[in-house]
Amino acid sequence: MAIRAAISDRCSKLSSSSLGARSLSSWWGNVEPAPKDPILGVTEAFLADPSPDKVNVGVGAYRDNSGKPVVLECVREAERRIAGSFNMEYLPMGGSVKMIEESLKLAYGENSDLIKNKRIAAIQALSGTGACRIFADFQKRFCPDSQIYIPVPTWSNHHNIWRDAHVPQKTYHYYHPESKGLDFAAMMDDIKNAPKGSFFLLHACAHNPTGVDPTEEQWREISHQFKVMGHFAFFDMAYQGFASGNPEKDAMAIRIFLEDGHPIGCAQSYAKNMGLYGQRVGCLSIVCEDEKQAVAVKSQLQQLARPMYSNPPVHGALVVSTILGDPNLKNQWLGEVKGMADRIIGMRTALRENLEKLGSPLSWEHITNQIGMFCYSGMTPEQVDRLTKEYHIYMTRNGRISMAGVTTGNVSYLANAIHEVTKSA
Amino acid sequence: MASTMFSLAFATPSASFSLQHNLKSKLKLGTSSQRAFSGKDFVKAKSNGRTAMTVAVNVSQFEGITMAPPDPILGVSEAFKADTNELKLNLGVGAYRTEDLQPYVLNVVKKAENLMLERGENKEVATIQGLSGTGSLRIAAALIERYFPGSKVLISSPTWGNHKNIFNDARVPWSEYQYYDPRTVGLDFAGMIDDIKAAPEGSFILLHGCAHNPTGIDPTPEQWEKIADLIQEKNHIPFFDVAYQGFASGSLDQDASSVRLFAARGMELLVAQSYSKNLGLYGERIGAINVLCSSADAATRVKSQLKRLARPMYSNPPIHGARIVANVIGIPELFSEWKKEMEMMAGRIKSVRQKLYDSLSVKDKSGKDWSFILKQIGMFSFTGLSKAQSESITNKWHVYMTKDGRISLAGLSSAKCEYLADAIIDTYYNAS
């Protein structure tokens, strides 16, 4: 009823204004400014800051040791090969077949029987976000009464995705603030207490934002309990290769679940591990009972993509398939991704050592225990605000540091600032 | 008021039920994915699956999932690819082809690939990059769903097939306004006016800016004025889908005249743009959604909400196509070159229209008036062939077209006009 009142109220305002001049009343009077995205908003604030000392450890985009964005050499070579050689026709609705094939090999293993037996329904997706969203919409359409269990904490956009897909959310314990590690016991309890056949979102490696991953033994226990409970595992794998430097190793959790026979779902992104952030290229895959079901599921995934964007963008997919399809380029890529992971691991060590040398009363072990792009520092929002106001250091207010933004040039400045705001904690 | 709208947008159960109910009945008309919406079948399968789960772990959650039907437009190209007959002709998807029936990468696009330029913006327009026309429409639909829950979108009958899917998936109710008159193979203007008049105040009216898809029939300037009058009277919101700017007349400005007519009257409006056809950037997925607001303040707020809708869909849009467009439009020499290439592409289509019309007129001894082909504009022509005839022409003549009788002139070469004329005449008179 309030809608009709609002519309007629607005209508009467408009009809009383003169034609020919743009009316001061607007249809959009009730549209409030959206809250700043907690992650992307940090970069906006950073860019606006004139201080020469400013440091951006907010958004998870890799930087080199000079703090510059990196385009991988293998990507440049792929682009050289691609430029001018292809037309820009529409990809099929499901995306680039070649890119999908290579993506499945990366996630499921080169010799995966699931691939051989064509049991995986897969489409090219708009990076990790797009893959998660199509899955969330698919889940809503075919399991309309289901919910999604999401870890606490998680990448903030996960909540937006499942919310806009109208899938109700529940949380499960994950991060243990006292140890700055995994709250494994509480996590297992939540898994056991969830209704049988629940959907769970798992980070395959390099958990975002905490950097805390289960150990191999813990993954095996989780997988076992999932079998007992009949839960569905949806893996968001945004950092394959970026965690340990080795993509096979980073796929361990997924491979454990596959060994145990789970029919998983998986979102893959090339934003970080190939540095293709802006190209929006990724893959959504769902393991099915057989080839026939995989064909049906794929057709339904396409059906969801069609009214969202019709077909996915071609350029990034060409880059990925060119690289992964050429053994030399692929090797070059493996070397470069290891290089990025190694630099981050080096910065973790440096940051921890700097803090310890400054005589911090707190333990900073977690900096080197955690893995991947992010470090969950344990700092409070107030401490983060101080870092920003007093030191021009930008990070998300949950205390998440993007290690990719740390360099040999800024690590001691960063350590000093962190020490100053935490020493009396 | 804002908070009321918000809580209503994240709907109460009864509100969402009625929307779902609407969606279900609409879906009955269209695809067989109606089955997909039924939770009951799934629950049955799932409970069987769960019992089995304790014995064998490989039972899927997705037992009940059926095969989606082939897309009515994109499926045509797939069928065409599978056809081995050498006479085959693809008049299905609206992608521009040269006389040699090859895809065309514009020279200006080739030049533009590695640079980036900033463009100035009109501050009263909230614009974000969209995933071509589809993505831009979808974001707009999501904005409507969130801020105008219960408001309807009126779409033309017929319209591009994906419009319905977009509004369905965005949970925006829609209904049709009359548009195509099969008797004249032209515009049913009176019917269009009646339906727009009858719609509840504050409805969104989806208009094709130029080169209506699938009919090729556009209102005249005088008719556009009357449509604008009526929309203002009824306090509707005009929502333009501009997928063919430049492709209709050959002139970017000329083809924007409908949108500009409305904007000049001070109306707030929505415009979804695509660069798929006019810059040939189909696969790059580049377009924009624009909301022309009455103030810069409104535009700022609306833009923030557009971004917020895109974030859980794909976070940020693909960069490659955007760079190309920015360069083509931002560099004067490239922009001039684009305008020339645009004229050339539109010119080729006009000439095949003429050639097809000439062939039909010569070959058809019955004296039927085929001039609607010349009156229609843009990439498509509504031939007046029925669904059965459209199928027959494919089976017998290997001419691929969509079942609504639409042919894409972009896929026709002048060399093939006579063949097509033969096929159309034979089918029109001999196939039921």
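One table, with the values for the structure above:
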quantity	calculated
Single residue of A:Gly130, A:Gly95, A:Gly60 found to be within 24 Å of A:Asp342 (Cα to Cα) and of a type in the set (Gly, Ala, Ser)	A:Gly60
Qualifying residue in segment A:17-39 (condition: touching a Gly at 6+ places or on another chain (Cβ under 7 Å), modelled with pLDDT under 85, within 12 Å of chain B (Cβ to nearest Cβ) and not in a loop (DSSP other than H, G, I, E, B))	no
Pairs, first more than 14 Å from chain A (Cβ to nearest Cβ) in segment B:197-215, second among the basic types (Lys, Arg) and outside any loop (DSSP other than H, G, I, E, B), C-beta under 8 Å, six or more apart	B:Pro214/B:Arg406; B:Thr215/B:Arg406
Residues of segment A:134-148 satisfying the condition of being touching a residue at least 24 places away in the same chain (Cβ under 8 Å) and more than 16 Å from the chain's Cα centre (by Cα)	A:Asp137, A:Phe138, A:Gln139, A:Lys140, A:Arg141, A:Phe142, A:Cys143, A:Ser146, A:Gln147, A:Ile148
Wholly enclosed helices (runs of 4 or more DSSP H) of segment B:338-432 bearing at least 2 residues more than 23 Å from B:Gly250 (Cα to Cα)	B:387-397, B:417-430
Any chance A:Val228 is among the aliphatic types (A, V, I, L, M) and within 14 Å of chain B (Cβ to nearest Cβ)	yes
In segment A:271-284, residue surrounded by the most Cβ atoms within 10 Å (Cβ to Cβ) [restricted to those that are at the interface with chain B (Cβ under 9 Å from one of its Cβ atoms) and not in a loop (DSSP other than H, G, I, E, B)]	A:Gln279
Test: B:Val325 is in a helix (DSSP H, G or I), on the phi < 0 side of the Ramachandran plot and of a type outside the set (Phe, Trp, Tyr)	yes
Count of segment B:292-310 residues which are within 23 Å of A:Thr129 (Cβ to Cβ) and either more than 10 Å from chain A (Cβ to nearest Cβ) or not polar (S, T, N, Q) (or both)	7
Residue check for B:Tyr282: farther than 23 Å from A:Glu32 by Cβ and either more than 7 Å from chain A (Cβ to nearest Cβ) or among the acidic types (Asp, Glu) (or both)	no
The one condition in (1) without any contact (Cβ under 8 Å) to a residue 60 or more places away in the chain; (2) out of contact with any Pro (no Cβ under 7 Å at 6 or more places or on another chain) that A:Asp164 fails to fulfil	(2)
Among the candidates B:Ser386, B:Ser381, B:Ser366, residue that is farther than 17 Å from B:Lys88 by Cα, modelled with pLDDT under 95 and out of contact with any Gly (no Cβ under 8 Å at 6 or more places or on another chain)	B:Ser366
Positions within segment A:285-301 being of a type outside the set (A, V, I, L, M), surrounded by fewer than 24 Cβ atoms within 10 Å (Cβ to Cβ) and more than 7 Å from chain B (Cβ to nearest Cβ), in sequence order	A:Asp290, A:Glu291, A:Lys292, A:Lys298
Counted residues, segment B:216-227 - those being in contact with a Ser or Thr (Cβ under 9 Å, 6 or more places away or on another chain) and either modelled with pLDDT under 95 or not in a loop (DSSP other than H, G, I, E, B) (or both)	4
Condition check for A:Gln268: crowded, with 24+ Cβ neighbours inside 10 Å, under 21 Å from A:Ala206 (Cα atoms) and touching a Gly at 6+ places or on another chain (Cβ under 6 Å)	yes
Pair list, Cβ < 7 Å and 6+ apart or interchain, from segment A:290-315 residues that are in the same structural domain as A:Ala136 (by the TED database) and within 12 Å of A:Leu126 (Cβ to Cβ) to residues that are surrounded by fewer than 24 Cβ atoms within 10 Å (Cβ to Cβ) and among the hydroxyl-bearing types (Ser, Thr, Tyr)	A:Asn311/A:Tyr90
All positions within segment A:356-386 that are touching a residue at least 60 places away in the same chain (Cβ under 8 Å), more than 19 Å from A:Pro214 (Cβ to Cβ) and under 25 Å from the mean Cα position of the chain (by Cα)	A:Gly378
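Residue-by-condition table, conditions (1) under 21 Å from B:Phe335 (Cβ atoms); (2) buried (at least 22 other Cβ atoms within 10 Å of the Cβ); (3) in contact with a Lys or Arg (Cβ under 6 Å, 6 or more places away or on another chain); (4) of a type in the set (D, E, K, R):
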| residue | (1), (2), (3), (4) |
| --- | --- |
| B:Pro214 | no, yes, yes, no |
| B:Asp218 | no, yes, no, yes |
| B:Gln232 | no, no, no, no |
| B:Phe239 | no, yes, no, no |
| B:Val242 | yes, yes, no, no |
| B:Leu252 | yes, no, no, no |
| B:Asp255 | yes, yes, no, yes |
| B:Ser258 | no, yes, no, no |
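The values are calculated or read from the model by the stated rules, or taken from the named source; none is laboratory data. This structure is a prediction, so every number in the text was calculated from the model and none was measured. Backbone-built Cβ (ideal geometry, glycine too); neighbour counts: all protein chains shown.
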